[in-house]
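Participant: This is the structure I have questions about; it appears just below.
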Amino acid sequence: MGGVARLVPVLVLLACWEGAARLIGSRLFPPASTVVAALGQEAASGRLAHNLGVTMARVAAAFAVAMVLGTALGMVMGRWRRVDRALDSLLTGLLNLPALVGIVLIYVWFGLSEVTAVAAVALNKLPNTAVTVREGARALDQGLIDMAHSFRMGRGAILRHVVLPQLYPYLFGAARSGLALIWKIVLVAELLGRSDGVGFQIQVYFQLFDVTGILSYTLAFIVVVQLIEWALLQPLERRANRWR
Amino acid sequence: MLGVEISRKTVPARGGPRTVIAGLRFALQENEIVALVGPSGCGKTTLLRMIGGLDTRYEGRIAWAGDTAPRIGTVFQEPRLLPWRTVRQNIALVRPPDPAEAEALLALLGLVPYADLHPPALSLGMARRAAIARAFAIRPALLLLDEPFVSLDPAMAEQGRSVLATAWRTRRCAALLVTHDLAEAASLADRILLLSEGPARVVRELLVPEGSRRRGIAEGARVAAAIT
């Protein structure tokens, strides 16, 4: 029932798109059916899989780096006021650094490579994760941590059983908004400095004014992102919050 | 087993540090149950935290027989159970040396029907019992109890005291019980230390007659009235 309710607006939108595009009849606004057909061709040629694949790999790498480093930074800043005060203005600065500037500077200073592309994307997400996790670290229940100490629980056990479960909502929040951010920024990084991936393809189609190509890749990308949300993020979140 | 001599303990407060304990001294014997009774805010909870090793910033000393702190089970005023673990899993978390003992404690404290529930589903009284079971599960030599029956209705509190007394009969350990209720202190403890308004120190020591120990709150109230 929920699935149908979700699907109806999508189908209505597709129908409106199809109708409007046929009515206008411009090469710059192709109907949905044409876009889907182009998508089929890209898929058959193997290019779609390759480009989506490398983009996803970059997303995964940048996501992992940003989550791990951002979580560590956020925990340290949330728990130690001195570190927080020392790094706070730096973090705010980084948070407000335009994504484009970060990417361009990293490319200029460290060269065009897979590593710099991933680092540039991760840098854009890292402060966001740190700020969210810092919030969580500040909200930790000290009473539960005291309890754990009083029962002589080790550091590892406290982190795993007492601290992390309290941080899950914040970590999921960071992961959710992080993926949304990284999807967008990874395309910019590809457009500026890579020779494959969805961002690169869109740049090629842009130069050819090929709106059908742009829309077909956009569509494929949106579908993949939705699948990850449904198949991975939501079940994980439900699992972590089962006890509530 | 324990000698406490705190010359001074301050806590940060608005307008500078506030002295909560000054010149407090007492001793605790093996297997002895001592109640610390005093007005609220007189530093009793702070004292338990210091004895439990959670607060080490004070002037004075807390000395253990044998020089190392024994195994201590703490029952905090709030139950402090992990809400994402069931009662049974909460007890397992503190690594009871004997899992069969953990199960026996669940039965002894009347927690079997609640063992697979998560703490948010428990009443305060049941959650406190689970915290008591957890503290006993590590086979403590010393039990620290901070107002374990405060803000429960009288019947629930009396039930809790009764199962605690039963647990003590079968599992001997020393205990420090913080309470502001003299009748409760007399119904559970062997000896009562009356603490002053903060900064806390011991103003009187009362011995509960052996024949009157752990005989319920009515007997506790009678003893309290007789010995004060």
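Participant: Looking at (1) more than 10 Å from chain B (Cβ to nearest Cβ); (2) farther than 24 Å from A:GLN203 by Cα, find the lone condition where A:LEU187 falls short.
Facilitator: (2)
Participant: Inside region B:1-44, can you point out the residues that are among the hydroxyl-bearing types (Ser, Thr, Tyr) and open to solvent by 70 Å² or more (accessible area, probe 1.4 Å)?
Facilitator: Within region B:1-44, just B:SER40 meets the criteria.
Participant: Report, by residue number, each residue of region B:37-60 that is within 23 Å of B:ARG134 (Cβ to Cβ), more than 9 Å from chain A (Cβ to nearest Cβ) and aliphatic (A, V, I, L, M).
Facilitator: B:LEU47, B:LEU48, B:MET50, B:ILE51
Participant: Then there is this: B:GLU219 passes all but one of (1) of a type outside the set (Gly, Ala, Ser); (2) in contact (Cβ under 8 Å) with a residue 40 or more places away in the chain; (3) more than 22 Å from B:VAL75 (Cα to Cα); which number fails?
Facilitator: Checking B:GLU219 against (1) of a type outside the set (Gly, Ala, Ser); (2) in contact (Cβ under 8 Å) with a residue 40 or more places away in the chain; (3) more than 22 Å from B:VAL75 (Cα to Cα), the one that fails is (2).
Participant: Further question on the same structure: What are the residues in region A:161-181 that are of a type outside the set (Gly, Ala, Ser) and either closer than 13 Å to A:ALA240 by Cα or touching a strand residue (DSSP E or B) at 6+ places or on another chain (Cβ under 7 Å) (or both), if any?
Facilitator: Within region A:161-181, A:HIS161, A:LEU164, A:PRO165, A:GLN166, A:LEU167, A:TYR168, A:PRO169, A:TYR170, A:LEU171, A:PHE172 meet the criteria.
Participant: Something else now. Out of B:ARG8, B:ARG25, I need the residue that is assigned to a strand (DSSP E or B) and touching a Phe, Trp or Tyr at 6+ places or on another chain (Cβ under 9 Å). Which one?
Facilitator: When all the criteria are applied, what remains is B:ARG8.
Participant: Tell me which residues, restricted to region A:21-54, are farther than 30 Å from A:SER195 by Cβ and open to solvent by 40 Å² or more (accessible area, probe 1.4 Å).
Facilitator: A:ARG22, A:LEU23, A:ILE24, A:GLY25, A:SER26, A:SER33 - these are the residues of region A:21-54 that are farther than 30 Å from A:SER195 by Cβ and open to solvent by 40 Å² or more (accessible area, probe 1.4 Å).
Participant: Being open to solvent by 40 Å² or more (accessible area, probe 1.4 Å), in contact with a Ser or Thr (Cβ under 7 Å, 6 or more places away or on another chain) and under 26 Å from A:ILE182 (Cβ atoms) is the requirement here; does A:PHE110 meet it?
Facilitator: yes
Participant: Considering only residues that are within 20 Å of A:ALA240 (Cα to Cα) and open to solvent by less than 60 Å² (accessible area, probe 1.4 Å), look in region B:109-130 and name the one that is farthest from the other protein chains (Cβ to nearest Cβ).
Facilitator: Among those residues, the one meeting the criterion is B:PRO119.
Participant: Follow-up question, since we're still on this one. Return yes or no: is B:PRO140 within 13 Å of chain A (Cβ to nearest Cβ), in contact (Cβ under 8 Å) with a residue 12 or more places away in the chain and surrounded by fewer than 21 Cβ atoms within 10 Å (Cβ to Cβ)?
Facilitator: yes
Participant: Condition check: over 19 Å from A:TRP80 (Cβ atoms), within 14 Å of chain B (Cβ to nearest Cβ) and touching a Phe, Trp or Tyr at 6+ places or on another chain (Cβ under 8 Å). Does A:MET153 satisfy that?
Facilitator: no
Participant: Another question, then. Filter region B:61-78 down to the residues that are within 9 Å of chain A (Cβ to nearest Cβ) and part of a loop (DSSP other than H, G, I, E, B), then identify the one that is most open to solvent (accessible area, probe 1.4 Å).
Facilitator: The extreme case among them is B:ARG71.
Participant: Got at least one residue in region B:27-48 being in contact with a Leu (Cβ under 9 Å, 6 or more places away or on another chain), among the basic types (Lys, Arg) and at pLDDT below 95?
Facilitator: Yes, region B:27-48 contains a residue that is in contact with a Leu (Cβ under 9 Å, 6 or more places away or on another chain), among the basic types (Lys, Arg) and at pLDDT below 95.
Participant: Working carefully through the options B:LEU106, B:LEU82, find the one that is away from chain A (no Cβ under 13 Å) and more than 30 Å from B:PRO17 (Cβ to Cβ).
Facilitator: B:LEU106
Participant: Please find, within region B:85-101, the residue that is farthest from the other protein chains (Cβ to nearest Cβ) out of those that are open to solvent by less than 50 Å² (accessible area, probe 1.4 Å) and outside any helix (DSSP H, G or I).
Facilitator: This residue is B:PRO96.
This table checks each residue for (1) on the phi > 0 side of the Ramachandran plot; (2) touching a Ser or Thr at 6+ places or on another chain (Cβ under 9 Å).
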residue	(1), (2)
A:TYR170	no, yes
A:ILE182	no, no
A:ILE185	no, no
A:LEU191	no, no
A:ASP196	no, yes
A:PHE209	yes, no
A:THR218	no, no
A:ILE222	no, no
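Participant: To continue, here is another question. Taking B:GLY53 as meeting all but one of (1) touching a residue at least 60 places away in the same chain (Cβ under 8 Å); (2) surrounded by fewer than 16 Cβ atoms within 10 Å (Cβ to Cβ); (3) not aromatic (Phe, Trp, Tyr), write down the number of the exception.
Facilitator: (1)
Participant: For the structure I just gave you, tell me whether A:ALA180 is within 14 Å of chain B (Cβ to nearest Cβ) and of a type outside the set (Ser, Thr, Tyr).
Facilitator: no
Participant: Condition test on A:VAL68, is it open to solvent by 60 Å² or more (accessible area, probe 1.4 Å), out of contact with any strand residue (DSSP E or B) (no Cβ under 9 Å at 6 or more places or on another chain) and under 16 Å from A:ALA175 (Cβ atoms)?
Facilitator: Yes, satisfied.
Participant: OK, next. Here are the criteria: (1) touching a residue at least 24 places away in the same chain (Cβ under 8 Å); (2) closer than 17 Å to A:ASP141 by Cβ. Tell me which single one B:THR86 does not satisfy.
Facilitator: In the conditions (1) touching a residue at least 24 places away in the same chain (Cβ under 8 Å); (2) closer than 17 Å to A:ASP141 by Cβ, B:THR86 misses (2) alone.
The values are calculated or read from the model by the stated rules, or taken from the named source; none is laboratory data. The shown structure was predicted, so the numbers you read here are calculated from the model rather than taken from an experiment. Quick reminder, even Gly has a Cβ in these numbers, built from the backbone with ideal geometry, and neighbours come from all protein chains shown. The area values use the complete protein model at the heavy-atom level, side chains included, leaving out ligands, DNA and RNA. Shrake-Rupley method; radii C 1.70, N 1.55, O 1.52, S 1.80 Å.
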